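Step one of this worksheet: look at the structure below.
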Amino acid sequence: MALVIIRQDGKIDLWKEALLAQQPGLEVYSYLENHPKDKIEMALVWKHPNGSLADYPNLKLIASSGAGVDFIFEDDTVPENLPITRVVDDMLAKDMSEHVLAVIFSHLKNLDRYRINQTKGIWKPMQYNRISDFTVGIMGLGALGKELATDLVKYGFKVQGWANSKKDIHGVSCFAGESGFSGFLETTQILVCLLPLTNATTGILNKELFKQLPKGAFVINVARGGHLVDEDLLEMLNNDHLSGAGLDVYHQEPLPMEHPFWNHEKIQMTPHYASVSDTSSVVPQILENYDRLQKGSPLLNEVVMDKGY
Ligand code: GLV
């Protein structure tokens, strides 16, 4: 039994070293080196080349090294009926929360707009905003959404959340399902998307949704580019219904230079950096699942295939 790491971002050695540091002697290979394909039972993947998972006749488990698994479902050559696991990690959730808090504070205190004015030599105090004036609405109340909601409550924001099923989070008004969606949107001044990308959520950040937000709302997408209809966001920013957006994820990454987001004054961009799996924090759950696979025990953080996350 052996494990293969498949990713294209130059981080294979980092993951290999982290795995070996916590389990010396583990039989682990990079997909780029010569390796015994019939021995591979577990693949640790992140945006693998399409088709590469079909190469392993005895593969029993696909483990995403991030929270998202959408890239695995997008590859229709992945062998069917194999279990898939995702990462659920406290550090990943904390990092995401810190990033979103930074974007929210930058918006609240107009730091992005003051920076633009500075480059133009404009001295122009803007409206002063306070935490207590704002309701933040989080779409998606999984591990990441819950952590962010709890931190926002600690800071004194009014916080509400929307998810598929009703959640109970201290200090957070929780809405659920289609029937709860409009009520959630009507009162959300800062919208944060932390949903998994599935067939049901693709394109959910669209004109119809934006229109239901109050005028001047701010939109943050730190989930996946596929949630957002780019043209709809641009239209609603340009007609001043939305005051701005903070984006970390895009349909195509890196975002092509000709994309209108690059030079839009109301868009704060970061390069898919909000929260990235830390190897030493994530490796224990990967090794635990490797062990469980050997023993035939139930896996940690297994994806529910019908839900797609
Ligand atoms: C990052 O985008 C992740 O899914 O972990």
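Data overview
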quantity: Yes/no for residue 257 being out of contact with any strand residue (DSSP E or B) (no Cβ under 7 Å at 6 or more places or on another chain), surrounded by fewer than 17 Cβ atoms within 10 Å (Cβ to Cβ) and in the same structural domain as residue 140 (by TED's automatic domain parsing); calculated: yes
quantity: Residues within the stretch 54-73 that are at pLDDT 95 or above and over 22 Å from residue 279 (Cα atoms), tallied; calculated: 7
quantity: Count - residues of the stretch 97-143 that are small (Gly, Ala, Ser) and buried (at least 16 other Cβ atoms within 10 Å of the Cβ); calculated: 6
quantity: For residue 90: the one exception among (1) away from the ligand (no atom under 16 Å from the Cβ); (2) loosely packed, with under 15 Cβ neighbours inside 10 Å; (3) under 16 Å from the mean Cα position of the chain (by Cα); calculated: (1)
quantity: The one condition in (1) surrounded by fewer than 19 Cβ atoms within 10 Å (Cβ to Cβ); (2) within 16 Å of the ligand (Cβ to nearest atom); (3) not assigned by TED's automatic domain parsing to the domain that holds residue 182 that residue 284 fails to fulfil; calculated: (2)
quantity: Residue, surrounded by the most Cβ atoms within 10 Å (Cβ to Cβ), within the stretch 51-66, restricted to residues that are assigned to a strand (DSSP E or B) and more than 10 Å from the ligand (Cβ to nearest atom); calculated: 63
quantity: Odd one out for residue 279, checked against (1) polar (S, T, N, Q); (2) away from the ligand (no atom under 14 Å from the Cβ); (3) closer than 22 Å to residue 96 by Cα; calculated: (2)
quantity: Residues (assigned to a loop (DSSP other than H, G, I, E, B), under 28 Å from the mean Cα position of the chain (by Cα) and not charged (D, E, K, R)) located in the stretch 107-148; calculated: 110, 129, 134, 140, 141, 142
quantity: Subset tally (residues that are away from the ligand (no atom under 14 Å from the Cβ) and either surrounded by 16 or more Cβ atoms within 10 Å (Cβ to Cβ) or among the aromatic types (Phe, Trp, Tyr) (or both)) for the stretch 70-79; calculated: 2
quantity: Residues of the stretch 257-309 satisfying the condition of being in a loop (DSSP other than H, G, I, E, B), over 22 Å from the mean Cα position of the chain (by Cα) and of a type in the set (D, E, K, R); calculated: 258, 265
quantity: Strands (runs of 3 or more DSSP E) enclosed by the stretch 1-50 - at least 3 residues per element that are surrounded by 19 or more Cβ atoms within 10 Å (Cβ to Cβ) and touching a helix residue (DSSP H, G or I) at 6+ places or on another chain (Cβ under 8 Å); calculated: 2-7, 40-46
quantity: Among the residues listed as 183, 177, 203, the single one being modelled with pLDDT of 95 or more, touching a His at 6+ places or on another chain (Cβ under 8 Å) and surrounded by fewer than 17 Cβ atoms within 10 Å (Cβ to Cβ); calculated: 203
quantity: Residue 300 being buried (at least 17 other Cβ atoms within 10 Å of the Cβ), in contact (Cβ under 8 Å) with a residue 40 or more places away in the chain and touching a strand residue (DSSP E or B) at 6+ places or on another chain (Cβ under 9 Å); calculated: no
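One line per residue, one yes/no per condition, for (1) in contact with a strand residue (DSSP E or B) (Cβ under 6 Å, 6 or more places away or on another chain); (2) part of a loop (DSSP other than H, G, I, E, B); (3) more than 14 Å from the ligand (Cβ to nearest atom); (4) assigned by TED's automatic domain parsing to the domain that holds residue 286:
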position	(1), (2), (3), (4)
68	no, yes, no, yes
81	no, yes, yes, yes
99	no, no, no, no
102	no, no, yes, no
105	no, no, yes, no
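The values are calculated or read from the model by the stated rules, or taken from the named source; none is laboratory data. The model shown is predicted, which means the values in this text are computed figures rather than measured ones. All Cβ positions, glycine included, derive from the backbone under ideal geometry; neighbour counts span all protein chains shown.
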